[in-house]
Structures are given as C-alpha cells and as structure tokens.
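Enquirer: This is the structure, below, for whatever I ask next.
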C-alpha cells in the first residue's frame, strides 16, 4: 500500500471512520440530559455522546514530529485553523464527514484486583469513567485505525464534580512521556499535540517550594492545557469489568449482549491480526485471553527493563490492547530501589518490582469480566481459568528473559542477578546509568562508579563489585574485540542512555508555565532518541545522576495525583 500524505484538514476529514459509536450502543439516557456535562449515573450503553469544552484562546506548544511523520500528516496542519480548533476542544465547525460530537466511556474501578464502589459519588459504580477525556475522532490512516482523544477537554457525566480540565504541568509530562516510551520501543498510546491557554486557569492542590511533604499543602492556580493522545483504541480492562459486572448481576436486559459487543469490538480493534473473525465466540475469547496475557507480561517486563513505574496501575489504567496508557503519577527510577513508587497515594502494591503482581491482578479482573460469556460452556471456562492461573509462570519467564538481555547473558542466572540487586541497593546506584555503563563491558568497576551516588571507599565493597564483574565476564560471550563490540551494541539497544527524569520534566513544565516552550521541544528531541549517543553537551546535561538537593523534594522525588 502506498502511503498517502495528508496535506490539509479536509483530507484528514475524509479518513474519518467512527467504528466505536457506529457499532456500539449509546447511553439511552443521554438525550434526556442536556449537554451531558454534569455528574450522573450511566446505567447502560457503551458511551455517552458529549461535546468537548474548548480552552480559551489556545496557544500551540508542541506536536510530535515523529508521530506526524508516521501518520503522514503535513507540518502545515499545525497552522490550520480547523486543526487547532479540533485539538483544543472546539468541534463547532468541522468539515464533513467529520462528526461534531465526541464520546466518553464508563468503566469500573478495581485497585489491585478488588472492585470499588465507594469512590463513585453514587456508591453504585455507575459514575466512574472518562471524567475529562473525550474522544473526538476515529480515522483509518494508511490502512491503520486510530482513535484521537482529548485529555482535559471539560466535563462529562463521569466528572464526579470535578472541572474536567488538565493542567499544563501534567499535560507536558504526558505529552513527553508517551513519545519517549514509544522511542524506548515499548507499546504505548501516542502524543499528537499539546495546547495551553493563558486565559483560563484552574485551582489544584500542590506542594510548597522545596517541601518534603508527602501530601499537597497549598492550592495553586495553574494554566489549563489539552493534550491529544492517540491509540488503536482506548478500551480498558476496567471497561470490560463494568460490562462483565452488569452481565453477571443481570443489571439490565441487554447486559450480556453489551458485554459480548464490547469484547468483539476489542478483538476487532486490537487483535484482528491474530484472531480470525470467523471463529466461534468462545474460541475468540480463549485466544484473546492468551494474546492479552502475552502482551501484558511483555509490557511489564519492558517497563522494568527501562526503569519505568506506572504508579497507579488500576484496571482502568490498563489498556485492554496491552500497551501503556494513562501517564498520571508515573516515574522513571533514578537511584535503584525495588520499592520505588513516585506517587504518594500509590503504596507498595504498585511499586517498581511489584508491577508484575499488579499486572496479574489486572489480568484476573480481565478474565473475570469474560466469564459471563462462557457460563454455559464448562470446558471453555476451565480453559480460561488455566490461562489465568498460568500468568505468574509466563510473567516470570518474561522477566528472566529481560534480565538476561539487560545483562548480556544467553540465559538467566539467578545467583548472579540476586548478588547484583544486593550490590545496587547497598551502593546506591543510578539504575539507567549503571546498566548503560555495564553495556560497554568495562575492564573493572571504575567506569561503573559514574552511576554511584556516593564514592565507594570500603575495600570490602570494592572487592564485592570486582568479584561480581569477574564472575559476570565468565558468563558472557566475549572472546575477542569483535565479540565484545557485538555484545556491547546489543546491550546498548536494551539499556537506554536517556530516560525522562522528573527534574527534567519539572524544568520543562515550569518554563512552559512562563511561556517558554523551548525546553518541551528540547526534551522531545532528546528523549525520542534514548538509545543513541548524542552530543557531549547533551550527555553532560541529561546523562547525569539526580542532584542531591532534589532528594525527598515534593514534586520531584514524589508527586500527588493532582493534574
């Protein structure tokens, strides 16, 4: 297929194809609720039609240069009035055949495998969903379907009384993180554009300057922003759970049918290349469970490979397509700590090394949601339960394979690995810098010291490090300079040189708040080439350990969920 470039907004409009709203059910109560911008219970249907609330006098900050190229979008679109309006929330005058109304979806909330109703303002679980995320476009571009969703686009019925806005701070973080994650070769939603407004502010809880507080202490005014995220679909595990619960409890007469519809739509949107549409429903469900398990285990192993911690890995933040979604209180680890968790509200259950278990809990929720469709077939139900119970084994295999790759080994060595983890903890080591330096296959520990947060004066510790290095070298395939260079190259494609550190993000969003958008663009340029050697100036600025002054500082070492 020849790739066609999209030069004008009209050309983009001709590619729209709204499979979600055309093939699934609208909330039947939507027509009785004016503009659907106030909190209410939504009892059935797959989506609520809702028009975004545009931000006032939008200011362009950035767009993803790489993603524009991949989609074949012309850079001239950024100057198009219609393009700017749509992706800053104004759908009032769209070119035909585009629709001039968006849609928001409901989902259940499960935290670490337990479904919660209490956070729902109605105490029923019918008030959870896209409180400020509104999908505005679905298009097939060069043979691939994409959904475009505005984050911070105003209230929906799921807003739970909030203002439906996102602030510039969180929008900069998400805009940069998605493209960085893609460049790290980890499946993710993508960033299209980032717009702000200096004519509209909202109040958010945040920390005082240089505070060590774990809880926000002050209310601050922040500029609003809208970032557009793009994915093959935005169906979440929590969405399937919602429909699974309604079917299980027979909450309305179409409950089981609506569950079947959303599951088949998920397969069509995310798994059509691996699941034949002519199969029977139960066969499709078994293949879906196997494939999602494969994707989810790979995803989490890759998160740990690059030092990423999701922070808030609830089922509603878990994409049913098996990619990274919802960059709220995420963080990239700096000083290694297996219990690392940047979100003050997150707890140990979503900490760095516990992400495989959190993924298992989400997979259990996923399987539970599918079970009402199999209730009449005991054999298939048993097969699904076997897949579910196999998750820890598959996860462990993926983790061992990942650690072997990080260490340049042909197979995982548990003793070598455990000894290394103990050394990383004892020595206080920067995770990214350590593994990148190890990728050069050093002669001794001296070059690894670049990653240490303190100097190693203890001779016993030096001996431990040198001993570990010697044992490691006996296990890697390095016999001459050629094999050494080959392995080093492989390891450098596994161990990134640059990861998106919070103190870099703070600098970018603080400058953006002052109207200087150059740091956002600079970070995009650098962080979309995370495995490459870059200039000496960039290396000095970005390939460096967290400054000691930043340790423990609120908003840098830890963040709240306020965004």
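Enquirer: Treating the angle as unsigned and between 0 and 90°, give the value, to the nearest 10°, between the Cα long axis of helix 391-406 and the longest Cα principal axis of the chain.
Expert: With rounding to tens, the tilt is 50 degrees.
Enquirer: Additional query: At 7 Å along the Cα-to-beta-carbon direction for both residue 379 and residue 5, put a label point, then send me their distance in nm to one decimal.
Expert: If labels sit at residue 379 and residue 5, their model points lie 5.7 nm apart.
Enquirer: While we're here: Any idea how far the Cα center of the range 4-48 sits from the one of the range 342-412, in Å?
Expert: 32
Enquirer: Another question, then. Only helical DSSP H runs with n ≥ 4 go in: add -39500 (n - 2.57) per run for the chain, normalise by residue count and round the 222 nm mean residue ellipticity to 500 deg cm²/dmol. Write out the running numbers ahead of the final one.
Expert: Working: 18 runs with 217 residues, N = 563.
So the calculated ellipticity at 222 nm is -12000 deg cm²/dmol.
Enquirer: Angle, helix 237-248 long axis vs. longest principal axis of the chain, Cα atoms, 0 to 90°, nearest 10?
Expert: 50
Enquirer: Just one of [x] 37, 25, 24; [y] 34, 29, 23; [z] 39, 29, 23 is semi-axes √(5λ) of the Cα gyration tensor in Å as worked out from the coordinates here. Which one is it?
Expert: [z]
Enquirer: Here is a follow-up. How would the range 452-563 be classified by its alpha-carbon gyration tensor: rounded, prolate or oblate, with rounded meaning a/c under 1.5 and the a/b versus b/c comparison settling the rest? It would help to have the intermediate numbers written out before the result.
Expert: Values: a/c = 2.98, a/b = 1.62, b/c = 1.84.
Here the range 452-563 falls in the oblate category.
Enquirer: Kindly express, to the nearest 10 degrees and within the range 0 to 90, the angle between helix 281-306's C-alpha long axis and the longest C-alpha principal axis of the chain.
Expert: For 281-306 against the chain, the angle is about 40 degrees.
Enquirer: Roughly how many Å is it from the Cα centre of the range 63-106 to that of the range 189-268, as a whole number?
Expert: Spelled out, the Cα-based centre of one part sits 20 Å from the other.
Laboratory data are not the source of any read-out in this text; all were calculated from the coordinates shown. In this text the structure is predicted, and so the values were computed from the model without any measurement. Every residue, glycine among them, receives a Cβ derived from its backbone with ideal geometry; neighbour counts consider all protein chains shown.
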